[in-house]
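Since the structure comes first, as structure tokens, the remarks are kept for the end.
Just so you know, all these numbers are worked out from the coordinates, no wet-lab data involved. Computed from a predicted model, the values in this text were never measured in an experiment. Cβ placement follows ideal geometry from the backbone for every residue including glycine, while neighbour counts extend to all protein chains displayed.
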Ligand SMILES: Cc1cc2nc3c(=O)[nH]c(=O)nc-3n(C[C@H](O)[C@H](O)[C@H](O)COP(=O)(O)OP(=O)(O)OC[C@H]3O[C@@H](n4cnc5c(N)ncnc54)[C@H](O)[C@@H]3O)c2cc1C
């Protein structure tokens, strides 16, 4: 059965079962449609008033999955959204009818206690990062509420307990300890 997806230009495009199958074959994580049992859960975010239905949800398990999802979206001209921690109140993580690229399973954090730096994946919450840095007596400038995603918080400029002393959390500033 062909699936209708929303395009970037507002029109629609029909995805054939072969199109979907080739995307799934290149993707290690789950690619969910409205027919899958996990679909309803995957489109929920913090703001329960947001009730959008992506045409596809690509649940990334690593960088290759992210690359494949972006390629697929570009190939078909799909409207796309990126989901990190899902705390944006306007629900920007969830697009209507397009492809939601879901990072929320990517929760790895690697701390280098000597250089006092950390690398964290795009689905991490503040709690994920705090848990790993605290093991070494370190703390990153992030936010106040542990369930918030680090991706949206740093892209938008985050403020938290350490902001008055060290400034906001941003994508490019070096985290201070
Ligand atoms: C309960 C609550 C508590 C909060 N507490 C704080 C706080 O203490 N301090 C603070 O500064 N802010 C706080 N915020 C605001 C929060 O930082 C922003 O809403 C932020 O956008 C959430 O990021 P997220 O990854 O959870 O959200 P998402 O909704 O997943 O993403 C937010 C935006 O970033 C985009 N995005 C996500 N991942 C990526 C990526 N990898 N690459 C590019 N774009 C991406 C999304 O598409 C979306 O547009 C809070 C919000 C809530 C609802």
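Things to note:
- Scattering curve values for segment 109-166, log₁₀ I(q)/I(0), Debye with Cα scatterers, q = 0.20, 0.22, 0.24 Å⁻¹: -0.70, -0.84, -1.00
- The residues 159, 72, 27, 144, when put in order of fewest to most other Cβ atoms within 10 Å, stand as 144, 159, 27, 72.
- Percent of Cα pairs in segment 1-113 per distance bin of 5 Å, from zero to the largest separation: 2, 12, 23, 25, 20, 10, 4, 2, 1, 0, 0.
- Kirkwood Rh, Cα atoms: Rg over Rh of segment 22-177: 1.01
- Between the helical axis of 17-26 and the longest alpha-carbon principal axis of the chain there is an angle of about 30 degrees.
- The rule of thumb for compact globular proteins, 2.2 N^0.38 Å, goes into the C-alpha radius of gyration of segment 92-131 1.52 times.
- Protection proxy ranking, peptides 52-64, 11-23, average beta carbon neighbours within 10 Å, highest first: 52-64, 11-23
- Residues 171, 117 arranged by fewest to most Cβ contacts within 10 Å: 171, 117
- Among 149-155, 75-81, the order from most to least packed when residues are scored by Cβ within 10 Å on average: 149-155, 75-81
- With Cα atoms, 0 to 90° folded angle of helix 63-76 axis to the chain main axis: 40 degrees
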